[in-house]
Amino acid sequence: MSDHIIKAYRSLPVTFSHGEGCYLWDSQGKRYLDALCGISVTSLGHNYAPVTTAIQQQAATLLHTSNLYSIGWQQQLADLLCRTAGMERVFFGNSGAEANEAAIKLARLHGHRRGIKTPQIVVMEHAFHGRTMATLSATGNRKVQAGFEPLVGGFVRAPYNDLASIEAIADNNRNVVALLVEPVQGEAGIVIPDTGYLAALRRICDQNDWLLMLDEIQTGMARSGKMFACQHEKVVPDVMTLAKALGNGVPIGACLANGIAAEVIQPGNHGSTFGGNPLACRAGYAVLHSMLEFGIADNAALRGEQLAVALRQGLMTNPDVVEVRHLGLLLAIQMKKPCQELVALALENGLLINVTAESVIRLLPPLIIDEAETAEIAEILIDCIHQFTG
Ligand SMILES: Cc1ncc(COP(=O)(O)O)c(C=O)c1O
């Protein structure tokens, strides 16, 4: 391990040398089933041929020109993304946090144009929106914020899945211009709101002239069993942010906008040197095109159900398991007690998983997973959990 890396991460002592489909191999040649996808990024699996080929061809053709010139693959990806999401325009950045920064700046600019001098954005308790100053301020987790004060102002916080609290803010605060929310809270432990929550937020935003801004960075790109999680409720937001699986590992973020929100950002308001470069956009295009062509969202719904059923059956008798939650292949096993040690135990047994919010096992398997691989995740993990809880 190099001493020259800033100690931002507590990385496990394993290095992967290559991957294929749902599997990774470490430098000793041991094989692992990847039920995490680098935190919801490699959703099409490792070395997915259409994406690999697109990257190789683009690397041999043109990597970067800057947004001082028009970029063909950026336009093609924008057209396909907007057609698929029912949105009008998109700004490309390089990460999820940058996509959310663009959304936050868009909302503030929209407010100022409406004559609101101190525009505010409603955000949720336990939300996660990124690690930049504005996005960590929007995040509802003190651990992410501590030590970085003064935080960026202009956020009003409400409990998640609580419509009455949003109505109360609408009644009392005339400076609100937008509401930023995850359709399912990922880092908080795959917290799935009640059916109808997003549709009700859409109604409240319409009634109060607020922009509805959905952070689909973890839930989007077919992960939830629909291409975008808001499509479960037929909700079209004013702003939607994407990143993670959009490039299947090539860094890319996107802030999509619709209606009035699509006209807010004008030349000079925002920018990014790398954002929307030919390599990232060609990879993003190959990802989205493949997901649409091969019905990846339907597979996520099918395999998510298979995995949830298998886990519930296998864990039913374990008193330390509270519940299994899922939407497509966003899965959580809520434990009664902290269970971080399970990550190392699963690793030993050839399975990659994650623990978030201390006591939630989070699974984000590849969306291309087949029946046998899904059964293998359940089998290994059930054994590990029984072993861990004794
Ligand atoms: C919902 C959500 N928003 C934003 C982010 C930040 O994305 P990035 O790490 O690419 O900046 C994440 C990352 O986990 C996320 O899950």
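Derivation of every value follows stated rules applied to the coordinates shown; laboratory data play no part. Everything quoted here is computed from the prediction, not taken from an experiment. Glycine also receives a Cβ, built like all others from the backbone with ideal geometry; neighbour counts cover every protein chain displayed.
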Exercise. Per the Kirkwood formula on distinct C-alpha pairs, the Rh of the stretch 301-377 is how many angstrom?
Worked result: 12.7 Å
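Say R0 is 30 Å: what FRET efficiency, to the nearest 0.05, do Arg203 and Val322 get from their beta-carbon distance?
Efficiency at R0 = 30 Å is approximately 0.40.
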Problem set entry | Projected label distance in nm at His18 and Thr61, using a 7 Å step from Cα toward the beta-carbon | 2.6 nm
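Over the chain, what relative contact order in percent results from Cα pairs under 8 Å that are six or more residues apart?
After rounding, I find 22 percent.
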Exercise. What FRET efficiency would be calculated for the residue pair His386, Lys234, taking the C-beta separation as r and a Förster radius of 45 Å, to the nearest 0.05?
Worked result: 0.65
For this session: Evaluate E = 1/(1 + (r/R0)^6) for Asp79 and Lys117, where r is the Cβ-Cβ distance and R0 equals 25 Å; express this FRET efficiency to the nearest 0.05.
Result: 0.10
Exercise. Which Cα, out of Ile5, Leu33, Tyr197, lies furthest along the positive dipole direction of the chain (beta carbon charges, K/R +1, D/E -1)?
Worked result: Ile5
Problem set entry | Antiparallel bridge percentage (DSSP; both residues within the chain; nearest 5) | 65 percent
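Filter the GluC sites (Glu not before Pro) in the stretch 337-390 down to the DSSP loop ones having no more than 14 other Cβ atoms within 10 Å, then list what survives.
Answer in residue order: Glu358.
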Exercise. Modelled label-to-label distance, Arg131 and Ser165, 7 Å Cα→beta-carbon offset: nm?
Worked result: 2.6 nm
Seminar exercise, completed: Exposed-loop cut sites defined as trypsin sites (Lys or Arg not before Pro) in DSSP loop states with at most 16 other Cβ within 10 angstrom; longest site-free run of the chain spans 235-335
Exercise. Can you sort His112, His64 so the residue with the fewest Cβ neighbours within 10 Å comes first?
Worked result: His64, His112
Exercise. In terms of Cα to Cα distance under 18 Å, which lysines are near enough to Lys7, apart from those fewer than 8 places away along the same chain?
Worked result: Lys143
Exercise. What is the order of Thr52, Thr317, fewest Cβ neighbours within 10 Å to most?
Worked result: Thr317, Thr52
Problem set entry | Total charge dipole magnitude, the stretch 50-293, about the Cα centre, Cβ charges on Lys, Arg, Asp, Glu only, Debye to nearest 20 | 360 debye
Seminar exercise, completed: Zone reached by a paramagnetic label modelled 7 Å from Thr273 Cα along Cα→Cβ, restricted to the stretch 84-103 with backbone N below 16 Å, covers 93-95
Problem set entry | Hull-based mean projected area of the chain, where the convex hull spans the alpha carbons, in square nanometres | 19.8 nm²
Exercise. What is the percent of Cα-Cα separations in the stretch 96-144 that go past 17 Å?
Worked result: 36 percent
